[in-house]
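See structure below.
The values are calculated or read from the model by the stated rules, or taken from the named source; none is laboratory data. This is a predicted model, so every value here is computed, not measured. So basically every Cβ, Gly included, is an ideal-geometry build from the backbone, and we count neighbours across all protein chains shown.
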Amino acid sequence: MAFTTNTRVDSAGVVNHSSGFLVSDGGAAVAFVVSLGFVPRIFKLYNITDSISYEWWAGMTNPGAQKQVLAGTRSLQTTEGFTVGTNAAGTADQVSVPTSIMLASKSFAWEALG
């Protein structure tokens with residue numbers, strides 16, 4: 001799978017805030033890694049196509065996220081959520097989104113706050 005659209009916007013004048021939009025093609029799901037340039041405290045990803053949101057806050061499990069579906073049901077993802085980098089690994093400014101979230105033929109929006 002490839003991303004047919006991969007747009008990133010870093011807010012001018014707002015420190016440690018970044019967002020982007022992705023559109024995946026019709027192939028298989030693929031993991032996505034975003035390098036932010038800062039250590040995130042909050043990372044959110046929205047599956048626009050299926051109205052599913054995922055949110056991670058500093059202090060949560062790693063990997064981890066809270067998932068909310070269209071009906072409003074929330075669940076804690078403790079093994080299939082985001083993996084937020086660490087200083088020890090030299091990846092503190094990176095967030096990895098697994099294939100279980102980055103499904104094929106979907107549109108996604110993400111936001112990171114440091």
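Can you pull out the residues in the range 62-112 that are surrounded by fewer than 14 Cβ atoms within 10 Å (Cβ to Cβ) and not small (G, A, S)?
V69, L70, T73, R74, L76, T78, T79, T86, N87
Filter the range 43-91 for residues that are in contact with a Ser or Thr (Cβ under 9 Å, 6 or more places away or on another chain), among the hydroxyl-bearing types (S, T, Y) and within 21 Å of S107 (Cα to Cα) and give the result.
Y46, T49, T83
Collect the residues in the range 51-61 that are exposed (fewer than 12 other Cβ atoms within 10 Å of the Cβ) and either under 18 Å from A112 (Cβ atoms) or of a type outside the set (S, T, N, Q) (or both), keeping them in residue-number order.
G59
Out of the residues in the range 1-56 meeting the condition of being at pLDDT 90 or above and among the charged types (D, E, K, R), tell me which one is nearest to the chain's Cα centre (by Cα).
My answer is K44.
Inside the range 27-114, counting only strands (runs of 3 or more DSSP E) that do not spill past its ends, which hold 3 or more residues that are touching a residue at least 40 places away in the same chain (Cβ under 8 Å) and of a type outside the set (G, A, S)?
Counting at least 3 such residues, we get 32-35, 42-47, 94-97, 107-113.
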